[in-house]
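Take a look at the structure set out below.
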Amino acid sequence: MKEFAYPTPFYHHLLTPDGRLSIEVINFLVENLNYDRSILLSSRWKPIKYSFLPHRFDAIVIYKTVYYRPKILNNDLLFWLELIAHEEWHRQEVGNHFLKALFWYIGYGLEYLRVRMRYHAVKHEIRAYQRGFGFEGQPSMMHGLLSANHWERYYVFERRIAPDFS
């Protein structure tokens, strides 16, 4: 009798053990959302061991690293793909060069003050939400890609994640 083995959590197929995006995720974002491959390759995802984020946020980009709350590991695949699309868009804007990143953070801060600290009114957030999680009732680009009309694009993730019960 074959011993039952619980499947590896799906997020292990989205992120490598050292916190990098899997090649499938990178290819998907490059081919479908026109993200820059070099920026995706330099991104790292790390759990936050202590929380310096306000309770309403699940992740934050600090230069080349996306820090996320460990509690989100229990969320489903769609949530993770939406989160990756959103946070990696910030990485696209931040880039791989320190000075570019510094100017991005200064611009973000000034925009945040200009819109009177209304997070969802910051232009950087609007663009990121359009790519992952949606904005003002509109589905995100990621959600559109994974909809029933584009299900074959989802297959690259589904086949690696679906458990084999044979």
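Every number in this text was worked out from the coordinates using simple rules, so none of it is lab data. In this text the structure is predicted, and so the values were computed from the model without any measurement. Cβ sites come from the backbone with ideal geometry, for glycine too, and all protein chains shown count toward neighbours.
Amide hydrogen proximity for Tyr35: with H placed 1.01 Å from N in the peptide plane, the residues at 5 or more positions away or on another chain lying under 5 Å are Val30. When peptides 78-85, 131-138 are ranked by their average number of other Cβ atoms within 10 Å per residue, the highest-first order is 78-85, 131-138. Seen from every direction in turn and averaged, the convex hull around the alpha carbons of segment 30-118 projects onto 6.6 nm².
Scalar couplings 3J(HN,Hα) for segment 78-95, obtained by applying the Karplus form with A = 6.51, B = -1.76, C = 1.60 to θ = phi - 60°, are 4, 4, 4, 5, 5, 5, 4, 4, 5, 5, 6, 5, 4, 4, 4, 6, 5, x Hz; x denotes Gly and Pro.
Between Asn34 and Tyr119, the distance separating the two model label sites (each 7 Å from Cα on the Cα→Cβ line) works out to 2.9 nm. Please work out the FRET efficiency for the pair Glu24 and Asn74, using the Cβ-Cβ distance as r and a Förster radius of 25 Å; give the result to the nearest 0.05. The formula returns an efficiency of 0.70 here. Taking the DSSP bridge list for segment 10-148 and keeping only pairs wholly inside it, about 60 percent are antiparallel.
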